Every structure is written in C-alpha cells, then in structure tokens.
Amino acid sequence: MDTDTLFEQAKTRFDHAVARQTLKEKYQAKMIFAHANGMWCAGPELINILTASLENKQQELVLLDLYDTPVKVDFKELLKIAQERWQEQMTAWLLEFEELRKKR
C-alpha cells in the first residue's frame with residue numbers, strides 16, 4: 001500500500017465518523033419537545049419513568065424537565081407524545097444512517 005491509499009482510507013473513516021456524530025446530534029435535538037409548561041426529551045429514561053407510573057396507577061406525577069424545573073404532568077399524555085416522538089425520530093435516524101453506511 002502506498003501512502004496515498006492509506007491517506008484516503010483514513011480520510012474516509014474520519015469523514016464517516018464525523019457524519020455519524022452529526023447525524024446523532026441532529027436526531028437528539030429532534031427528540032426535545034414542549035408539554036405542560038416543561039421541556040422534555042423523548043428517550044428511554046422518560047418513557048420508562050412514565051410507564052412505571054402508569055403501571056403503579058398513580059394519579060398525578062411531578063417530574064423535573066430538561067431545565068430541572070418541577071412540573072406536574074398528565075403522564076398518560078406525556079407518555080403517548082414521548083413514545084410517538086421517539087419512534088418517529090429513531091425510524092428517520094435509521095433510514096438516514098443506512099444511507100450513510102451505503103456511501104461508505
């Protein structure tokens with residue numbers, strides 16, 4: 001192998017790593033949404049907390065939002081929104097990731 005080939009392979013790997021990181025940041029930002037006077041990030045942690053509250057048949061729930069502000073929430077509605085946002089963005093992320101992988 002000559003140095004030009006090694007350089008091109010290293011550049012391709014670096015470009016792919018940067019593209020993956022950019023893709024991750026793009027979709028993490030799209031997970032953030034407003035609800036009940038709070039800002040939330042759809043993700044496994046929020047969905048698990050809300051699901052556990054639903055299973056325990058709690059009447060009301062107070063959670064800290066992204067800015068550490070306590071907010072009383074309708075956890076059933078918040079759970080529905082968080083699950084929809086999570087699945088929608090993860091599906092879009094997967095499609096874009098697969099396109100990126102094909103270019104590599």
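Per-residue answers, yes or no, for (1) farther than 30 Å from residue 15 by Cα; (2) out of contact with any Leu (no Cβ under 8 Å at 6 or more places or on another chain):
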site: 37; (1), (2): yes, yes
site: 49; (1), (2): yes, no
site: 57; (1), (2): yes, yes
site: 60; (1), (2): yes, yes
site: 88; (1), (2): no, yes
site: 91; (1), (2): no, yes
site: 98; (1), (2): no, yes
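List, please: which pairs have Cβ atoms under 7 Å, are six or more places apart or on different chains, and start with a residue in segment 60-84 that is more than 13 Å from residue 49 (Cβ to Cβ) and end with one that is aromatic (Phe, Trp, Tyr) and surrounded by 15 or more Cβ atoms within 10 Å (Cβ to Cβ)?
Listed by first residue and then by second, the contacts come to 66/40; 81/33.
Does segment 71-87 contain at least one residue that is among the acidic types (Asp, Glu) and in contact with a strand residue (DSSP E or B) (Cβ under 7 Å, 6 or more places away or on another chain)? Working first, answer last.
Just the residues of segment 71-87 that are among the acidic types (Asp, Glu), to begin with: 74, 77, 84.
Among the residues that remain, those that are also in contact with a strand residue (DSSP E or B) (Cβ under 7 Å, 6 or more places away or on another chain) are: none.
Checked segment 71-87: no residue is among the acidic types (Asp, Glu) and in contact with a strand residue (DSSP E or B) (Cβ under 7 Å, 6 or more places away or on another chain).
Kindly list the number of the only condition in (1) at pLDDT below 95; (2) acidic (Asp, Glu); (3) surrounded by 11 or more Cβ atoms within 10 Å (Cβ to Cβ) that fails for residue 84.
Of the numbered conditions (1) at pLDDT below 95; (2) acidic (Asp, Glu); (3) surrounded by 11 or more Cβ atoms within 10 Å (Cβ to Cβ), the odd one out for residue 84 is (1).
Specify the residue that is surrounded by the fewest Cβ atoms within 10 Å (Cβ to Cβ); the eligible residues are those in segment 64-81 that are modelled with pLDDT of 95 or more and in contact with a helix residue (DSSP H, G or I) (Cβ under 7 Å, 6 or more places away or on another chain).
79
Using the structure shown, decide if residue 30 is surrounded by 10 or more Cβ atoms within 10 Å (Cβ to Cβ) and among the charged types (D, E, K, R).
When the stated conditions are applied, residue 30 passes them.
Looking at 36, 42, can you tell me which residue is surrounded by 15 or more Cβ atoms within 10 Å (Cβ to Cβ) and at positive phi?
On the way: 42 fails: at positive phi.
That would be 36, the only listed residue that is surrounded by 15 or more Cβ atoms within 10 Å (Cβ to Cβ) and at positive phi.
Only residues in segment 24-48 that are basic (Lys, Arg) count as the first member; pair them with residues that are modelled with pLDDT of 95 or more, Cβ under 6 angstrom, at least 6 apart or cross-chain, and list the lot.
The qualifying pairs are 30/89.
How about segment 49-84: which of its residues are more than 25 Å from residue 95 (Cα to Cα) and among the polar types (S, T, N, Q)? It would help to see each step written out before you state the result.
Applying the first criterion (more than 25 Å from residue 95 (Cα to Cα)) to segment 49-84 yields 49-78.
Once the filter is applied, which keeps residues that are more than 25 Å from residue 95 (Cα to Cα) and among the polar types (S, T, N, Q), segment 49-84 yields 51, 53, 56, 58, 59, 69.
Within segment 85-104, take every residue that is free of Cβ contacts under 8 Å to residues at least 24 places away in the same chain and of a type outside the set (Lys, Arg) and give me the one that is farthest from residue 47 (Cα to Cα).
Checking each candidate, the answer is 99.
From the set of residues in segment 23-36 that are part of a loop (DSSP other than H, G, I, E, B) and within 8 Å of the chain's Cα centre (by Cα), which is nearest to residue 68 (Cα to Cα)? Show your work before the answer.
Of the residues in segment 23-36, the ones part of a loop (DSSP other than H, G, I, E, B) are 30-31, 36.
Narrowing the set further to residues that are within 8 Å of the chain's Cα centre (by Cα) leaves 30-31.
Details: 30: 19, 31: 17 Å.
The residue in question is 31.
Does residue 103 count as farther than 18 Å from residue 35 by Cα and at pLDDT below 95? Break it down stepwise before answering.
Numbers: farther than 18 Å from residue 35 by Cα: yes; at pLDDT below 95: yes.
Yes; evaluated as a whole, the condition is true for this residue.
The values are calculated or read from the model by the stated rules, or taken from the named source; none is laboratory data. Keep in mind the model is a prediction, meaning the values are calculated, not measured. Methodologically, a virtual Cβ is constructed for each residue, glycine included, from the backbone with ideal geometry; neighbour enumeration extends over all protein chains shown.
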